[in-house]
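In what follows, a single structure is set out as structure tokens and then discussed.
The values are calculated or read from the model by the stated rules, or taken from the named source; none is laboratory data. The shown structure was predicted, so the numbers you read here are calculated from the model rather than taken from an experiment. All Cβ positions, glycine included, derive from the backbone under ideal geometry; neighbour counts span all protein chains shown. Quick note on the areas: whole protein, heavy atoms, side chains included, nothing else; ligands and nucleic acids left out. Shrake-Rupley method; radii C 1.70, N 1.55, O 1.52, S 1.80 Å.
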Amino acid sequence: MLFNRKKRIEPAKVNNAVNDTSSNDSKPTVKMVNSNDPYRLYEQYIKYWYDGDPETAYEYALKAAKAGDEDGLLTYGLHYMDGNGVEVDKEKAFNAYKIGAELGGHDTQVQLARSYEHGEGTEVDIEKAIYWYEESLKKEDDYRIRNRIEELRALTDSALAEKLAEKKAKEAEEERKRQEELDNYYNTEEGKQKLYERYLSGAAKGYPVSQYSLGVCNREGRGTTVDKAQALYWFETAARNGHLDAMYETARCYESGEGTAVNKPVAFYWYLKAAREGHEASKNVVKQITPDEAISYLNSVSETENEKLGSDAKRLKELMEFDLYKNGAENGNAVAMRNLSKCYEKGIGTDADPSQAFYWLKKAAEAGDADSQYHLGMCYEKGTGTEKDENQAFYWYKTASDNGHIDAMYELASCYDLGTGVAKDLNQAFYLYDQLCQKGYIRAQYAMCYLVMSDLTSEQRDKAVYWLEQAGKVDYEDSQSWLYTFYSYGMHSLKPDEKKALYWLEKLAEGGDIESQREAYKRYNEGIGTAVNKQKALYYLSKIAEGGDIDAQIDLYNIYRTGEAGVQKDDKRVFYRCEKLAEEGFERAYYNLGLLYLKGQGTSRSNYKGFYWMKQSAEAGDVKGMEILYELYRDGIGTDADMSQYRYWYKMWKQSK
């Protein structure tokens with residue numbers, strides 16, 4: 001049925017007849033057009049619909065309906081009838097058509113008649129169907145509707161039915177002849193050209209069928225010259241607008257390199273998209289692709305194609321993965337069960353469902369998958385998807401550990417160490433940690449720090465310290481911190497060792513720990529636990545300063561300015577430190593930095609920059625800065641001479657002295 005925008009229904013007549021709030025409970029709020037003009041609202045519906053966003057399009061259709069436009073009411077009904085952007089609800093569609101029909105809308109009268117005729121959203125009522133078809137004819141004559149009225153009346157009149165059958169047979173023959181003549185015409189060069197122009201007009205209006213037809217014309221040279229690249233352009237345009245045959249043809253072009261370079265990943269993407277929407281030929285192609293190939297193709301598209309295609313490819317990949325894992329899980333594959341659990345956990349290809357995630361994880365664990373056994377133990381320990389159960393956590397950690405899962409072995413050792421789900425057993429914990437340490441498992445090496453503080457034998461403690469040191473040597477900061485503490489203060493039979501304490505302190509300092517840098521500076525500067533070493537002290541003071549410590553920057557500035565601590569004076573470093581302090585907002589540095597620029601000390605001379613920093617100093621209240629600034633204004637150094645500014649800052653200097 002063709003629909004024309006003929007009648008606008010006055011908003012006042014609607015009288016809140018359409019009042020649907022249920023959809024707002026499950027939809028995010030849409031920022032609507034700030035207008036009560038139903039035509040503008042309807043245009044927004046069209047825009048979002050062809051942008052591939054039916055849910056937002058639906059919101060605009062509903063808004064237009066409430067504003068009293070027939071097309072809004074019509075679209076509102078069509079959405080609910082077909083389930084576009086909302087759940088199918090034919091009763092709501094029927095009610096919308098009824099409102100529009102009673103307000104005089106031609107197209108809604110036709111749809112209401114069809115609802116009565118087919119019993120969609122209401123009981124079948126042929127008399128009412130005829131009534132509303134006849135009402136629609138009052139607005140616009142349509143031979144198809146007149147024919148339909150005759151057909152409906154013939155349902156209860158056998159004589160009329162016989163005449164109608166004869167009439168239909170005659171019309172069918174006439175239609176066949178007309179179509180044959182039309183086909184013959186469109187096979188002429190003139191006809192092909194006319195048809196091509198007609199398709200161009202439809203394509204410009206965004207009609208996917210016309211866009212697809214242009215692709216066919218360009219591919220076959222019907223009404224235009226053969227242009228395979230242009231054919232692909234129109235096929236792909238129609239495909240993006242949801243045309244299934246166009247998706248298939250687009251895929252074929254990319255697969256064979258027709259009008260473009262061969263691109264099998266993109267070809268598969270379009271085959272899969274069409275197949276998932278019911279295109280039979282595309283389904284047959286997809287069946288021939290292995291799951292691994294399919295995932296690889298979709299990964300390629302999502303990583304390299306444009307954003308819209310890439311995100312959709314990722315979505316299709318997730319849907320495909322979910323289907324594959326579900327099928328495998330239901331057929332007893334433990335790895336598929338584990339992956340299906342992840343899909344439910346993270347909402348990949350389906351809605352997130354913690355209970356289903358736990359269900360399939362447990363099934364995978366029971367089927368012998370060690371990784372699932374480990375993660376199931378974590379679920380029981382943390383209460384994820386189930387109630388906390390430390391006994392079950394211990395059981396599954398041990399089961400996974402017995403199956404060679406290294407992370408599970410660590411958690412099992414931790415259970416023995418802390419008494420989680422089992423009686424505390426430090427010897428068993430030490431044994432398992434030691435086994436892991438020998439495999440290079442750093443977390444276990446670090447865990448030895450807690451055993452060092454426990455009641456171990458001297459031999460076990462020495463071994464624990466050894467493994468803790470191995471973790472420290474690969475820059476595992478927490479291990480270094482514990483080793484520094486142990487060697488600084490001693491622990492059980494482990495005696496203090498200043499040399500080793502300093503070694504681990506410096507490892508921490510080199511790793512960027514500011515407190516360790518301060519402690520290392522103090523030790524070398526004052527000779528605590530080592531000989532005084534001013535060069536080392538200066539090194540760590542520089543580290544502290546680079547970390548943004550103002551006091552350290554000031555100390556370095558003074559050291560390089562005066563040559564303290566056996567350090568040679570260095571104007572460039574003085575300037576560098578002064579500039580860093582000024583840039584970080586340290587007001588006392590403004591004056592000194594200004595002087596350095598004016599004198600060219602440690603940097604190139606710049607009266608302009610000298611003036612700038614002196615002004616900053618003066619405005620911050622520095623009396624010395626005010627004194628220099630008024631002289632700069634008086635003599636025009638770094639700025640234009642300005643006697644009014646000279647007098648102002650001279651007065652400020654005199655008052656502040």
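Taken over the stretch 581-605, the criterion of being more than 21 Å from Asp555 (Cβ to Cβ), in contact with a Phe, Trp or Tyr (Cβ under 8 Å, 6 or more places away or on another chain) and without any contact (Cβ under 8 Å) to a residue 24 or more places away in the chain is satisfied by Tyr597, Arg605. Scanning the stretch 363-410 for residues that are in contact (Cβ under 8 Å) with a residue 12 or more places away in the chain, under 33 Å from the mean Cα position of the chain (by Cα) and open to solvent by 30 Å² or more (accessible area, probe 1.4 Å) returns Lys363, Asp371, His375, Met378, Glu381, Thr384, Gly385, Thr386, Ile406, Asp407.
Within the bounds of the stretch 130-137, is there any residue that is in a helix (DSSP H, G or I), open to solvent by 10 Å² or more (accessible area, probe 1.4 Å), under 22 Å from Gly242 (Cβ atoms) and at pLDDT 80 or above? The answer is no, given that none of the residues of the stretch 130-137 is in a helix (DSSP H, G or I), open to solvent by 10 Å² or more (accessible area, probe 1.4 Å), under 22 Å from Gly242 (Cβ atoms) and at pLDDT 80 or above. Of all the criteria given as (1) at pLDDT below 95; (2) polar (S, T, N, Q); (3) in a helix (DSSP H, G or I), the one not satisfied by Thr384 is (3). Kindly provide the set of residues from the stretch 522-545 that are under 48 Å from the mean Cα position of the chain (by Cα) and open to solvent by less than 60 Å² (accessible area, probe 1.4 Å), ordered by number. Scanning the stretch 522-545 gives Leu538, Tyr540, Leu541, Ser542, Ile544, Ala545. In the set (1) under 30 Å from Cys578 (Cα atoms); (2) aliphatic (A, V, I, L, M); (3) open to solvent by 70 Å² or more (accessible area, probe 1.4 Å), the condition left unmet by Val474 is number (1). Which one of these is of a type in the set (Asp, Glu), crowded, with 19+ Cβ neighbours inside 10 Å and on the phi < 0 side of the Ramachandran plot: Glu506, Glu583, Glu564? Sole residue among the options that is of a type in the set (Asp, Glu), crowded, with 19+ Cβ neighbours inside 10 Å and on the phi < 0 side of the Ramachandran plot: Glu506.
Considering only the stretch 70-122, how many residues are among the charged types (D, E, K, R), at pLDDT 80 or above and buried (at least 20 other Cβ atoms within 10 Å of the Cβ)? Qualifying residue count, the stretch 70-122: 3. Taking the criterion of being more than 56 Å from the chain's Cα centre (by Cα) and at positive phi, the only residue of the stretch 611-643 that qualifies is Gly636. Flag not set for Asp417, criterion: open to solvent by less than 60 Å² (accessible area, probe 1.4 Å), under 34 Å from the mean Cα position of the chain (by Cα) and touching a residue at least 24 places away in the same chain (Cβ under 8 Å). Residue by residue through the stretch 175-198, note down the ones that are among the aromatic types (Phe, Trp, Tyr) and open to solvent by less than 50 Å² (accessible area, probe 1.4 Å). Passing the criteria: Tyr186, Tyr196. The criterion of being more than 25 Å from Gly202 (Cα to Cα) and not hydrophobic (A, V, I, L, M, F, W, C) does not hold for Tyr248.
Count of the stretch 284-296 residues, restricted to those that are open to solvent by less than 70 Å² (accessible area, probe 1.4 Å), at pLDDT below 90 and not polar (S, T, N, Q), is 5.
Being acidic (Asp, Glu), more than 30 Å from Ala393 (Cβ to Cβ), open to solvent by 70 Å² or more (accessible area, probe 1.4 Å) and modelled with pLDDT under 90, is that true of even one residue in the stretch 297-311? Yes - at least one qualifying residue is present in the stretch 297-311. Of all residues in the stretch 110-125, those satisfying the criterion of being in a loop (DSSP other than H, G, I, E, B) and within 43 Å of the chain's Cα centre (by Cα) are Glu120, Gly121. If you go through the stretch 442-465 and keep only what is open to solvent by less than 10 Å² (accessible area, probe 1.4 Å) and closer than 11 Å to Asp478 by Cβ, you end up with Ala447, Cys449.
For the stretch 152-160, indicate whether the set of residues that are of a type in the set (A, V, I, L, M), touching a Ser or Thr at 6+ places or on another chain (Cβ under 7 Å) and surrounded by 14 or more Cβ atoms within 10 Å (Cβ to Cβ) is non-empty. Checking the stretch 152-160: not a single residue is of a type in the set (A, V, I, L, M), touching a Ser or Thr at 6+ places or on another chain (Cβ under 7 Å) and surrounded by 14 or more Cβ atoms within 10 Å (Cβ to Cβ). Being surrounded by 15 or more Cβ atoms within 10 Å (Cβ to Cβ), in contact with a Leu (Cβ under 6 Å, 6 or more places away or on another chain), aliphatic (A, V, I, L, M) and closer than 25 Å to Tyr433 by Cβ: is that true of Ala501 here? So Ala501 does not fit the description; no. In the set (1) within 26 Å of Thr290 (Cα to Cα); (2) in contact with a Ser or Thr (Cβ under 7 Å, 6 or more places away or on another chain); (3) not in a helix (DSSP H, G or I), the condition left unmet by Gly349 is number (2). Screening Gly638 on (1) surrounded by 22 or more Cβ atoms within 10 Å (Cβ to Cβ); (2) touching a Phe, Trp or Tyr at 6+ places or on another chain (Cβ under 6 Å) shows it passes everything except condition (1).
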